[in-house]
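Asker: My structure is below; once you've seen it, I'll send some questions.
The values are calculated or read from the model by the stated rules, or taken from the named source; none is laboratory data. Computed from a predicted structure; not experimentally measured. We place every Cβ from the backbone using ideal geometry, glycine too, and count neighbours over all the protein chains shown.
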Amino acid sequence: MPTVRSKPKRKVDKAARNRSGGSPSSLEAKKTFVLGMLLVILTLAVYFPLSGHPFVNYDDGFYVISNDHIRQGLDWEMVKWAFTTYDHANWHPLTWLSHGLDWQLFGPNPAGHHVINLLLHVANVLLLFWVMQQATGFRGRSFMVAALFALHPINVESVAWVAERKNLLSMLFFLLALEAYRRYARDPRAGRYAVVALCFALGLMAKPQVITLPFVLLLWDYWPLHRIFATGERPNSAPAAPGEMPARSFSALLKEKLLLFALCAASAVITFTAQRAGGAMNYHQPFSIRLLNAIVSYARYLGKAFWPSHLAPLYPHPGSSLQMWQVVAAFILLAAITVLVAAGRHRRYLVVGWLWFLGTLVPMIGLVQVGAQAMADRYAYLPFVGLFIMVCWGISDWAQQRHISTAWLAGASAAVLLALTVVAHRQVDYWGDNVSLWSHTLQVTLPNYIAEDNLAQILFDRGQTEEAMQHFRAASAIYPADPTSNIEIAMYEQQRGRLPEVIAQYDKLVKMTSDPVRKAEMITNQGYAYGGLRDYGRARESFQAAVDLNPSQARAWMGLGVVAQRAGDVNRAIDDYSHSLKAHPTDVAYVLLARALEQSGRNGEAQTAMQTAKILSGDFERAQRVAADLVAH
C-alpha cells in the first residue's frame, strides 16, 4: 500500500512546485516543448486541407463575402461600424475587425480566411495544454486534454466554418483569462486582476458564449487551484505543499469576481438587444418545450462526445414532436452521472469537469431560443473541455489504482487519438464542398428545411435549376412559413410569366413574415411582378413600401428609378438609382444611371457611370440587356 501512495506523492510535489512558481528542469521543459510540437503537427495534419476549401453558403456571405463593411477592409469607418452594429443579431466587434483584417490581407480568396481559423485553433490547443499544465502540474494528462480538444470531430465545425471565427477568438481570450487568473490567485494584485478583466472583455467582444467565465473561475478555485478550503482541509489527491495558494472563503472569492459579474450583466443586456434587433429570437417555442429539448440536448451532446457520428452544421429543433421517452431517458442519464460525481466528490476534478460541461452550455442550450436549431456542434467547443478533464484525470487515477503501466495507458490513448483523427479528417472533407456538406447534412438530420434551402441555392448557382427547385419545394413542405424557399419558388414562377399567381403568393408570404428585411425583399419582387403586368402605379407603391421597411433594399430603389424614368421624371430616376448604388453597387444600376444621366444631358457623368459599370461587371453585355429590358417594359 505505501508503494501505491508514493507515486502520486512525487507527482503532487512536482505539481506543487509548478504552482508555486518553481522552474522545471531543462529536460522537463524539453518534454513539454516536444509534446506541444506534437499537438501542432497532429492538428495541422487533420485540418490542413482547409486551405483548399471554399466559403460556405451559410453565414459566410453575411460575415465576409457579401458584407460591404468587411469588403472595404480595415479603416476608421469600418471600425466605427464594428463597434456600433447589431448586424446578424450579434454585437461582436472583435470578430468583425478580425474578418476585416482578413479581407485586407487576403481579399475574396477563402484560403487565407481558413488558414487564420486553423492557426487560431492551433493557438487554442497549445494554450489549453499550457493552462492545464500550469494549473495542475500534470503534463501527460494536460497533453491528453489538449489532444482531445484538438482532434475531436465535433470541433471541426468551429474551425472549418469561416463564420465561426467568433468561436475561436472567444475561446482564445477565455483561456488567456484562465491563465491570467491563476497568476492573479498566486499573487493578488490590481494589475493582474485588470488583465483577467481585459481578457474577459475581449472574449465577450468576440462572442458572448464565454459569459460563464466567472463561474468557471469559481470552479477553478475549487480545483485545481485549491483556494476553497478550511485551513488544513485538503483533498487526498492534493496534499498541502510549501508556497501553495492561500485558502479563502467562498463569499470572499465571490466578491472578488464582482467586476467580472458586472461584465456578464452588461454583455447579457447587449446580447439580448442585438438578438431582438436582428430577429434571432423570432423562433417561438413554449418554455416547456425549450426545457425538455435542453434536457435531451445535454444527453445528445454527451453521446456525440463519446461517439462523434452524424455530425452536421445544424440539428433542427423538434418542437412539439419531441418524444417523452427521450426526455425521461436523458434526465435519468444526467441524474445518474450527477449522483456518481457527487459520490466521488473527493476527486474534485470530477465535480469541476461536470459542472464546467453543464454550466458553460447553459447560454447555448436553448432555454432562450435563438435560431431554429435544437443544438449545434460549435456550441461544444468550450463545454467539452470539462468532459475531457473528467475523462483524462479519471482514467489516469483509475490506471494508477490498478497498477496499469504507463506504456499500456499511452498505447490506449494513441489508439483513441488515431480514431478521432480519422473521423475528424473525414468530417473536414465534408466541408470541402457545399453540395457534399448539405447532402451529408440531409442524410443525417432529415427533415431539415435549412439544409434543403442551402443545397438548393448551391445547385441553383450551378445552373441546376430544376434540381434546385425540388429542394426548395421540399423545404417549403417541411416548413410552410420558410421565407427562403417560398421566395425562390415565387421568383421561379415569376420568371416563367405567371405574374398574377405570383403576386397573390407574395401577399401571403408578406403576412407570414415578421423580418423587415425579408418582407422588403418580397414586396420588391412583387413590385417587379406588377411592372411586368405594366401596372406601374402598384409597382411604385410596392417599391416605396419596400424602402420604407428597409432603406438598404437596393433593388427596390432601382425599381423606383425605373418607374420614374418611364414616367419621364429623369431627375427623380437619377436620385433613386443613386440610392440603389449607395445601398449596393451593381453593374445594372450603373448602366441605368448612365442612361438617365445621358437623357438629362449630363454626358460627362454618364460616361463615368458607364465606365464604372464596365469595371464592376463580369458580363457587361448582359447588364446592358437587363437594363434595357427593365426600362422597356
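Asker: If I filter the range 140-161 down to residues being of a type in the set (Val, Ile, Thr) and surrounded by 24 or more Cβ atoms within 10 Å (Cβ to Cβ), which single residue comes out as nearest to Val195 (Cα to Cα)? If you could, list the steps in order and put the result at the bottom.
Answerer: First, the residues of the range 140-161 that are of a type in the set (Val, Ile, Thr): 145, 154, 156, 159.
Narrowing further to those that are surrounded by 24 or more Cβ atoms within 10 Å (Cβ to Cβ): 145, 156, 159.
Working: Val145: 25, Val156: 30, Val159: 27 Å.
For the range 140-161, the residue satisfying everything is Val145.
Asker: Next up: Out of Asp569, Asp515, Asp507, which single residue is assigned by TED's automatic domain parsing to the domain that holds Asp629 and either free of Cβ contacts under 8 Å to residues at least 24 places away in the same chain or within 38 Å of the chain's Cα centre (by Cα) (or both)? Step through it out loud before you land on a result.
Answerer: Working: Asp515 fails: assigned by TED's automatic domain parsing to the domain that holds Asp629; Asp507 fails: assigned by TED's automatic domain parsing to the domain that holds Asp629.
The unique qualifying residue is Asp569.
Asker: Does the range 70-84 include one or more residues that are assigned to a helix (DSSP H, G or I) and in contact (Cβ under 8 Å) with a residue 40 or more places away in the chain? Can you show your working first?
Answerer: Just the residues of the range 70-84 that are assigned to a helix (DSSP H, G or I), to begin with: 70-71, 76-84.
Subsequent filtering for residues that are in contact (Cβ under 8 Å) with a residue 40 or more places away in the chain retains none.
No, the range 70-84 has no match at all.
Asker: Same structure, new question: Among the residues of the range 603-633, what is the count of those that are within 23 Å of Ala567 (Cβ to Cβ), surrounded by 13 or more Cβ atoms within 10 Å (Cβ to Cβ) and polar (S, T, N, Q)?
Answerer: Count: 1.
Asker: I'd like the full set of residues that are within 16 Å of Leu97 (Cβ to Cβ) and either without any contact (Cβ under 8 Å) to a residue 40 or more places away in the chain or not hydrophobic (A, V, I, L, M, F, W, C) (or both), limited to the range 168-187. Break it down stepwise before answering.
Answerer: Just the residues of the range 168-187 that are within 16 Å of Leu97 (Cβ to Cβ), to begin with: 168-170, 172-173.
Across the range 168-187, the qualifying residues are Ser170, Phe173.
Asker: Shifting gears a bit: Report, by residue number, each residue of the range 575-590 that is in contact with a Ser or Thr (Cβ under 7 Å, 6 or more places away or on another chain) and crowded, with 24+ Cβ neighbours inside 10 Å. Write out each step before concluding.
Answerer: Residues of the range 575-590 that are in contact with a Ser or Thr (Cβ under 7 Å, 6 or more places away or on another chain), as a first pass: 583, 587, 589-590.
Result: Ala589, Tyr590.
Asker: Do we have any residue at all in the range 449-470 that's of a type in the set (Phe, Trp, Tyr) and over 25 Å from the mean Cα position of the chain (by Cα)? Lay out the reasoning, then the answer.
Answerer: At the first step, the residues of the range 449-470 found to be of a type in the set (Phe, Trp, Tyr) are 449, 460.
Next, from what is left, pick out any that are over 25 Å from the mean Cα position of the chain (by Cα): 460.
Checked against the condition, which is being of a type in the set (Phe, Trp, Tyr) and over 25 Å from the mean Cα position of the chain (by Cα), the range 449-470 yields at least one hit.
Rundown of residues vs (1) basic (Lys, Arg); (2) surrounded by 17 or more Cβ atoms within 10 Å (Cβ to Cβ), yes/no style:
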site	(1), (2)
Leu340	no, no
Arg345	yes, no
Trp354	no, yes
Met364	no, yes
Ala372	no, yes
Val385	no, yes
Ala410	no, no
His440	no, yes
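Asker: Of the conditions (1) modelled with pLDDT under 95; (2) under 21 Å from Ser170 (Cα atoms), Ala262 satisfies every one except a single condition; which number is it?
Answerer: (1)
Asker: Further question: Are there any helices (runs of 4 or more DSSP H) wholly within the range 384-471 with 2 or more residues that are over 16 Å from Leu314 (Cβ atoms), and if so which?
Answerer: Working: elements: 384-401, 406-430, 434-445, 449-461.
So the answer is 384-401, 406-430, 449-461.
Asker: (1) within 19 Å of Ala268 (Cβ to Cβ); (2) in a loop (DSSP other than H, G, I, E, B): which one isn't true of Pro188, the others all being true?
Answerer: That leaves (1) as the condition not met.
Asker: In the range 401-438, which residues are within 21 Å of the chain's Cα centre (by Cα) and more than 20 Å from Ala146 (Cα to Cα)?
Answerer: Those that are within 21 Å of the chain's Cα centre (by Cα) and more than 20 Å from Ala146 (Cα to Cα): Arg426, Asp429, Tyr430, Trp431, Gly432, Asp433, Asn434, Val435, Ser436, Leu437, Trp438.
Asker: Being modelled with pLDDT of 90 or more and more than 38 Å from the chain's Cα centre (by Cα) narrows it down to one residue among Leu630, Leu597; which is it? First the steps, then the outcome.
Answerer: Working: Leu630 fails: modelled with pLDDT of 90 or more.
Every option except Leu597 fails the conditions.
Asker: Now for a different question. Taking into account only those residues within the range 562-612 that are β-branched (Val, Ile, Thr) and part of a helix (DSSP H, G or I), which is nearest to Tyr530 (Cα to Cα)?
Answerer: Of the residues in the range 562-612, the ones β-branched (Val, Ile, Thr) are 562-563, 570, 574, 586, 588, 591, 608, 612.
Among the residues that remain, those that are also part of a helix (DSSP H, G or I) are: 562-563, 570, 574, 588, 591, 608, 612.
Details: Val562: 13, Val563: 11, Val570: 21, Ile574: 22, Val588: 20, Val591: 22, Thr608: 32, Thr612: 30 Å.
Per the criteria, the residue is Val563.
Asker: Which count do you get for residues in the range 53-69 that are part of a helix (DSSP H, G or I) and within 11 Å of Arg165 (Cβ to Cβ)?
Answerer: So in the range 53-69, the residues part of a helix (DSSP H, G or I) come out as 60-65, 68-69.
Of the ones still in play, those that are also within 11 Å of Arg165 (Cβ to Cβ) are 60, 63-64.
Qualifying residue count, the range 53-69: 3.
Asker: So, Leu126, is that one surrounded by fewer than 24 Cβ atoms within 10 Å (Cβ to Cβ), touching a residue at least 40 places away in the same chain (Cβ under 8 Å), part of a helix (DSSP H, G or I) and out of contact with any Pro (no Cβ under 6 Å at 6 or more places or on another chain) or not? Steps first, please.
Answerer: On the way: surrounded by fewer than 24 Cβ atoms within 10 Å (Cβ to Cβ): yes; touching a residue at least 40 places away in the same chain (Cβ under 8 Å): yes; part of a helix (DSSP H, G or I): yes; out of contact with any Pro (no Cβ under 6 Å at 6 or more places or on another chain): yes.
So Leu126 passes the test.
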